[in-house]
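Working notes for the structure below.
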Amino acid sequence: MSRTRIFSGVKPTGHLTLGNYLGAVRRWAEQDQHRADAVFCVVDLHALTVAHDPARVRRLSRQAATVLLAAGLDPERCTLFVQSHVDEHTRLSYLLECTATDGEMRRMIQYKEKSARERAGDGGSGSVRLSLLTYPALMAADILAYGTDEVPVGDDQAQHVELTRDLARRFNERYGHVFTVPRATRPPVAARVMDLQDPTSKMGKSHARSAGIVYLLDEPDTVRRKIMRAVTDGGSEVRYDREAQPGVANLLDILSAATGCTQRPEELAGEFGSYGALKKDTAEAVVELLRPLRERHAALSSETAYVEGVLRAGAERARAMARPRVDAAYRAIGLLPPE
Ligand code: TYM
């Protein structure tokens, strides 16, 4: 039997956050690359779906790759590359646009939320790029090009992976079996880390206000300050209730995840007599969790040639993996082979 294939990615639209780490990246490093044939991608093309600054996207792409290595991705164990270095993604994306429907794309929650934000000009440009609508077809191409079995992601990407499954099945039924039908995997806790200042919305790296967002490269004192100032709820009892006490529940999720999920957030709640004590322990746990990553990042950030080498070799391997399946999809859908 062939090994399980895992694919996942991160979009360089901002600095990576604690949400990215607990929802996805940590599992890639600690589990996925050790147990499967794992492919990880800095999905730079996806960063062009909203108003962007070219120099910033370039900088953030390089930084994301460096942070992923600092988080423990090992180029000897997994394939790490930049999406735009492998043409198969955009080649396949078009075929999937021809498989998906307009209605399916418009139903995507992220499209609805982000297009509303862009239209309102709230940090956006006042207009919506067509690529924001077609984005899930490119994401499906990212996944399907590699014969992926599992996609380790946070909760916010579950709907996109569900659509990917539908597209894979539909393509296979219409044109013959080309694609593996993948499934999303999620972490046991902290699959949706919330903003510390607004615990009813997701901690997102591209949000304008940073007080509620812990970035992976924040200084320890900044991490402490942000967590100590987290918005908590009315009352003073520490209970795990996501509806009634979203701020406290978020801290309990973070603490549980940061301490290796040895205790569920519900159990942890009973150990704290005050919000202050919960915040203090959570802050220290996060500082400790991120310490090795920060240290490795400091060492790696001057090793630009090393990082570039990893990405070059990764793109070569990724191309060789994706090419045959994308070629097969071109033939299956009715396109004449070039020779
Ligand atoms: P992105 O860059 O927004 O996020 C990268 C990963 O981090 C997870 N995540 C979170 N998990 C928990 N709590 C949060 N607050 C939080 N914020 C982000 C995301 O679920 C994701 O797993 N569309 C994707 C990138 C992508 C991709 C792919 C992923 C493109 N092609 C193919 C998997 C497979 C995205 O925007 O992720």
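The values are calculated or read from the model by the stated rules, or taken from the named source; none is laboratory data. Everything numeric in this text was worked out from a predicted model, so none of it was measured. Virtual Cβ from ideal backbone geometry, glycine too; neighbours counted across all protein chains shown.
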**Prompt:** Take the residues of region 234-253 that are touching a helix residue (DSSP H, G or I) at 6+ places or on another chain (Cβ under 6 Å) and within 15 Å of Ser201 (Cα to Cα): which is surrounded by the fewest Cβ atoms within 10 Å (Cβ to Cβ)?
**Reply:** Arg242
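Quick grid of which residues meet (1) under 28 Å from Arg26 (Cβ atoms); (2) in the same structural domain as Ala328 (by TED's automatic domain parsing); (3) among the β-branched types (Val, Ile, Thr):
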position: Gly103; (1), (2), (3): no, yes, no
position: Arg106; (1), (2), (3): no, yes, no
position: Gln110; (1), (2), (3): yes, yes, no
position: Lys114; (1), (2), (3): yes, yes, no
position: Val128; (1), (2), (3): no, yes, yes
position: Glu150; (1), (2), (3): yes, yes, no
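Considering region 194-215 alone, what residues qualify as being under 23 Å from Leu163 (Cβ atoms) and either in the same structural domain as Asp155 (by TED's automatic domain parsing) or not in a strand (DSSP E or B) (or both)?
Answer for region 194-215, where residues must be under 23 Å from Leu163 (Cβ atoms) and either in the same structural domain as Asp155 (by TED's automatic domain parsing) or not in a strand (DSSP E or B) (or both): Ser201, Gly204, Lys205, Ser206.
When you look at Gly204, is it closer than 25 Å to Ala64 by Cα and not charged (D, E, K, R), yes or no?
The answer is yes for Gly204.
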**Asked** (1) under 14 Å from the mean Cα position of the chain (by Cα); (2) within 18 Å of Asp142 (Cα to Cα); (3) of a type in the set (Lys, Arg): which one isn't true of Arg5, the others all being true?
**Response** (1)
**Asked** Is one or more of the residues making up region 173-190 in contact (Cβ under 8 Å) with a residue 60 or more places away in the chain, farther than 29 Å from Pro324 by Cβ, touching a Leu at 6+ places or on another chain (Cβ under 9 Å) and not β-branched (Val, Ile, Thr)?
**Response** yes
**Asked** Does at least one position in region 263-281 carry a residue that is of a type in the set (Phe, Trp, Tyr), over 27 Å from Ile213 (Cβ atoms) and in contact with a helix residue (DSSP H, G or I) (Cβ under 8 Å, 6 or more places away or on another chain)?
**Response** no
**Asked** Which of the following residues is more than 12 Å from Val153 (Cα to Cα), more than 8 Å from the ligand (Cβ to nearest atom) and outside any helix (DSSP H, G or I): Ala55, Ala38, Ala29?
**Response** Ala38
**Asked** Can Tyr275 be described as among the aromatic types (Phe, Trp, Tyr) and within 17 Å of Arg91 (Cα to Cα)?
**Response** no
**Item:** Candidate set from region 1-26 (those that are more than 10 Å from the ligand (Cβ to nearest atom) and among the hydroxyl-bearing types (Ser, Thr, Tyr)); member that is farthest from Val310 (Cα to Cα)
**Value:** Ser2
**Asked** Here are Val50, Val82, Val67: which of them is within 13 Å of the ligand (Cβ to nearest atom), under 19 Å from the mean Cα position of the chain (by Cα) and within 17 Å of Thr17 (Cα to Cα)?
**Response** Val67
**Message:** Just to check your reading of the model, which residue among Leu80, Leu73, Leu92, Leu133 is surrounded by 20 or more Cβ atoms within 10 Å (Cβ to Cβ), touching a residue at least 12 places away in the same chain (Cβ under 8 Å) and assigned to a helix (DSSP H, G or I)?
**Reply:** Leu92
**Prompt:** Does Thr180 satisfy the criteria of being assigned by TED's automatic domain parsing to the domain that holds Arg56, more than 17 Å from Leu255 (Cβ to Cβ) and in a loop (DSSP other than H, G, I, E, B)?
**Reply:** yes
**Request:** Please enumerate the residues belonging to region 221-265 that are in a loop (DSSP other than H, G, I, E, B) and among the polar types (S, T, N, Q).
**Result:** Thr232, Ser236, Gln245, Thr259, Thr262, Gln263
**Request:** Check Ala64, Ala140 and return the single one that is assigned to a helix (DSSP H, G or I), under 18 Å from Ser206 (Cβ atoms), of a type in the set (Gly, Ala, Ser) and modelled with pLDDT of 95 or more.
**Result:** Ala64
**Message:** I'd like the residue in region 203-253 that is of a type in the set (A, V, I, L, M) and touching a strand residue (DSSP E or B) at 6+ places or on another chain (Cβ under 9 Å) and, out of all such residues, is nearest to the ligand (Cβ to nearest atom).
**Reply:** Met203
**Request:** Determine which single condition Arg129 fails, assuming it passes every other condition in (1) within 12 Å of the ligand (Cβ to nearest atom); (2) over 18 Å from Pro324 (Cα atoms); (3) more than 16 Å from the chain's Cα centre (by Cα).
**Result:** (1)
**Prompt:** If you check every pair at least six apart or on different chains, which have Cβ atoms under 8 Å apart with a residue in region 280-294 that is over 17 Å from Arg27 (Cα atoms) first and a residue that is β-branched (Val, Ile, Thr) and part of a helix (DSSP H, G or I) second?
**Reply:** Thr282/Ile227; Thr282/Ile254; Ala283/Val223; Ala283/Ile227; Ala285/Ile254; Val287/Val223
